[in-house]
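Each value in this text was obtained by applying a stated rule to the coordinates, not by laboratory testing. All figures in this text were calculated on a predicted structure; none of them were measured in a lab. Cβ coordinates were reconstructed from backbone atoms using ideal geometry, including for glycine residues, and neighbour counts include every protein chain displayed.
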Amino acid sequence: MLYVIIAEDAADSPAKRPAARPAHMERMKRFQESGKLVISGPMLKSDNPDPAVAGIFGSVIIAEFDSLADAEAWASADPYVAAGAWSKVTVRPYHKGFGR
C-alpha cells in the first residue's frame with residue numbers, strides 16, 4: 001500500500017539539515033533503487049523553484065510499505081529525525097487517484 005510521509009522542519013532546521021543531508025540523500029537513493037519510492041522532495045516556503053532561494057518548510061515522501069507501522073518506523077529512522085531537522089513527521093495511508 002502507498003503511504004504519504006509529511007515532515008515539517010524545525011525552526012532551526014537550516015542549521016541542522018546540512019550535516020544530515022548526505023546520509024539522508026544516500027538513504028533516499030537506496031530507497032529509490034528498491035522500487036518502492038513514488039516521489040519525494042522538499043516543501044518550499046515560497047513559489048520560487050530554487051529551494052535555496054525559496055527556503056524549505058519540510059519534506060514529502062510517497063512510497064510503498066507493507067503497513068502503516070512499517071512506514072512510521074522507516075520515517076522515524078531518517079537522519080533528519082535524528083539530527084532534529086524535522087520537528088514533526090506525519091504518516092498516513094495514501095490512495096492514488098489521478099496523475100502519472
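Give me Rg/Rg_expected for the chain, where Rg uses Cα atoms only and Rg_expected = 2.2 N^0.38 Å with N residues.
Details: Rg = 13.4 Å, N = 100, 2.2 N^0.38 = 12.7 Å.
The reported ratio for this selection is 1.06.
Along the Cα-to-Cβ line of residue 44, 7 Å from the Cα, sits a label point; which residues in the stretch 1-26 have backbone N less than 20 Å from it?
Under cut-off, by backbone N: 6-10, 13-15, 17-18.
Given contacts defined as C-alpha pairs under 8 Å and at least six residues apart, what's the relative contact order of the chain, whole-number percent?
50 percent.
Assuming R0 = 25 Å, what is the FRET efficiency of residue 23 and residue 53, from their Cβ-Cβ distance, to the nearest 0.05?
Details: r = 25 Å, r/R0 = 0.99.
That pair, residue 23 with residue 53, gives E of 0.50.
List the pair-distance distribution P(r) of the stretch 1-52, using every Cα-Cα distance, as the percent of pairs falling in each 5 Å bin from 0 up to the bin containing the longest distance, rounded to whole percents.
4, 15, 21, 27, 20, 11, 2
Quick one: if you stick a label point 7 Å off each Cα along the C-beta vector at residue 12 and residue 72, how many nm between them?
Going from the residue 12 label point to the residue 72 one covers 2.8 nm.
Residue 85's amide H: which non-local residues (gap 5+, or another chain) put their own amide H closer than 5 Å, with H modeled 1.01 Å from N in plane and none for Pro or chain starts?
none
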